[in-house]
Amino acid sequence: MSDPGAVEPGPAGARPGADHHGHHDHGAHDHGAHDHGDHGPHHPRPASEVELRAHALEALLVAKGLVTTDAVDAVISYYEHDVGPQNGAKVVARAWLDPAYRQRLLSDGTAAIAEFGYGGAEGDNMVVVANTPRVHNAVVCTLCSCYPWPVLGLPPAWYKSLPYRARMVAEPRVVLREFGLELPAEVEIRVWDSSAEVRYLVLPMRPPGTEGWSQERLAGIVTRDCMIGTAVPSADAAPSADAAP
């Protein structure tokens, strides 16, 4: 088993973990302050300076009549509903059902994802890494917040936070446990470091109890966090209307 704290070098320009370990003070991170959003008993994260400036800029633009709140809401809605995790979920569901597509996806993620019409900025070089019974993958961007927008939408606040970016590299098993994901000791954790040159997407394992499900139904249990690697899909997560086998 490889060092669980090491960043998997990966292809296409991924940054080796050895470039970053020397810059992380592993004892300086307050574990309790790591905000995962809706995962566990964490308190809401206060707005950052960047977020406060963004809100102030939006208010100023609206006040000057340069943009309307409806226009801002439309952009947000676009990334939440048209460009979001539901895109990635469709990709994963098809890979579960179509072995030939799965092979294309793992061989050339960018081209296979483009078959759905997803691509462009922030997704022009995609690498997909598959979970197996012995290997669990997770994604981080240690330098900033590089993220595959075309398939996952906007990155969550915790993905951009310094604690996640540092601790996922240094102690991934602990961080995953804080998300509620407890992995067996024999499962190797590989952490992939996204960059401006390459974006990673996790292909989770299809959960038991989903035999005979349609692609649409399967996509319904694939969450954003499953494709980042901080969660795994479950048949129990299917919408209540689909509860019957």
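The values are calculated or read from the model by the stated rules, or taken from the named source; none is laboratory data. Remember, it's a predicted structure, so these values are computed and weren't measured experimentally. Virtual Cβ from ideal backbone geometry, glycine too; neighbours counted across all protein chains shown.
Below, the figures for the structure above:
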{"read-out": "Among (1) more than 22 Å from residue 101 (Cα to Cα); (2) of a type outside the set (A, V, I, L, M); (3) over 16 Å from the mean Cα position of the chain (by Cα), the one test that residue 206 misses", "value": "(1)"}
{"read-out": "The listed residue being out of contact with any Ser or Thr (no Cβ under 7 Å at 6 or more places or on another chain), surrounded by fewer than 20 Cβ atoms within 10 Å (Cβ to Cβ), free of Cβ contacts under 8 Å to residues at least 40 places away in the same chain and within 27 Å of residue 99 (Cβ to Cβ), out of 220, 212", "value": "212"}
{"read-out": "Any hit, the range 227-236, residues being on the phi > 0 side of the Ramachandran plot and of a type outside the set (Asp, Glu)", "value": "yes"}
{"read-out": "Unique match (being farther than 17 Å from residue 204 by Cβ and either touching a helix residue (DSSP H, G or I) at 6+ places or on another chain (Cβ under 9 Å) or not in a helix (DSSP H, G or I) (or both)) among 186, 182", "value": "186"}
{"read-out": "Top-ranked residue in the range 170-223 [being in contact with a Pro (Cβ under 9 Å, 6 or more places away or on another chain) and hydroxyl-bearing (Ser, Thr, Tyr); ranked as farthest from residue 234 (Cα to Cα)]", "value": "194"}
{"read-out": "Criterion violated by residue 230 - all others in (1) farther than 24 Å from residue 140 by Cα; (2) surrounded by 24 or more Cβ atoms within 10 Å (Cβ to Cβ); (3) among the polar types (S, T, N, Q) satisfied", "value": "(1)"}
{"read-out": "Any helices (runs of 4 or more DSSP H) falling wholly within the range 52-168 and containing at least 3 residues that are at pLDDT below 90", "value": "69-77"}
{"read-out": "Unmet requirement for residue 177, which otherwise passes all of (1) free of Cβ contacts under 8 Å to residues at least 60 places away in the same chain; (2) surrounded by 17 or more Cβ atoms within 10 Å (Cβ to Cβ); (3) over 29 Å from residue 114 (Cα atoms)", "value": "(2)"}
{"read-out": "Selection status of residue 39, more than 27 Å from residue 209 (Cβ to Cβ) and at pLDDT below 90", "value": "no"}
{"read-out": "Which listed residue is more than 20 Å from residue 226 (Cβ to Cβ) and among the hydrophobic types (A, V, I, L, M, F, W, C), from 143, 152", "value": "143"}
